[in-house]
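Some notes on the structure that comes next.
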Amino acid sequence: MRKLILIFFVFIPFLNLAQENRGYIVNVGDMAPKFKTTTNTGEVFDLENELGKVIMLQFTASWCSVCIKEMPFIEDEIWNLYKNREDFCLVGIDRGENIETIKKLIQKTQTTYPICLDENSEIFQLYAEKKAGITRNVIIDKNGKIAFLTRLFERNEFNEMKHKINQLLK
């Protein structure tokens with residue numbers, strides 16, 4: 001019995017380490033990788049031009065049921081609250097899909113925040129491992145540093161993210 005308990009405790013740190021990473025290749029405190037892309041309305045989105053704002057990147061896709069579940073919460077509890085602030089920016093980043101698919105996703109989820117194209121998943125791979133899953137959110141502070149990372153949609157973590165955004169906007 002003692003050997004089993006000892007083995008159990010030896011492996012716990014490795015399990016926690018894997019859970020903390022969750023497929024990200026960036027960490028809180030890192031400078032956010034910069035990118036440029038196009039939104040669903042044809043506008044150019046350049047992350048570098050948004051520095052000085054609190055930025056929320058929401059990685060999503062039309063085939064992701066968790067994304068579809070999360071998007072109305074982002075719309076109602078984050079976008080509608082902060083969309084008129086000059087010091088806040090929110091964009092969805094659609095992983096691996098074309099503009100027609102993105103438009104269907106927007107219609108299905110009834111979201112009004114901009115969704116950016118990432119047809120080849122190149123932006124996604126700046127932040128996460130190539131085969132890592134979505135949904136995930138990246139909160140970037142006004143200095144361009146990553147301040148918060150989420151994976152999947154879990155209500156407590158989502159509330160922590162909202163609190164972090166609110167703190168950064170004070």
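Compared with the alpha-carbon gap, the fully stretched path from E43 to K69 is longer by 6.7 nm at 0.36 nm per residue.
As a rough footprinting exposure proxy, the listed residues F158, F59, F73 were ranked by other beta carbons within 10 Å of their own, and the order from fewest upward is F73, F158, F59. Estimated from the Cβ-Cβ distance and a Förster radius of 30 angstrom, the FRET efficiency linking K104 and N84 is about 0.65. Annotation: amide H of F45 within the under-5 Å range of T37, T38, T39, sequence separation 5 or more or interchain, hydrogens built in the peptide plane.
Hydropathy first: keep DSSP H helices in the chain averaging at least 0.0 on Kyte-Doolittle, then drop any whose Cα extent along the axis falls short of 24 Å, and list what survives.
Working: long enough: 2-21 (30 Å, 1.09).
Helices passing the filter in the chain: 2-21.
Separation of segment 113-162 and segment 46-83, taken as the distance between their Cα centroids, equals 8 angstrom. Stretching the chain fully between T112 and E77 yields a gain of 11.3 nm (0.36 nm per residue, less the alpha carbon separation).
Restricting the calculation to Cα atoms, the chain yields a radius of gyration followed by a Dmax of 17.1, 63 Å.
Every number here is computed from the coordinates shown, using simple stated rules; none is lab data. These figures come from a predicted structure and were not determined experimentally. Cβ atoms come from the backbone with ideal geometry, glycine included; neighbour counts cover every protein chain shown.
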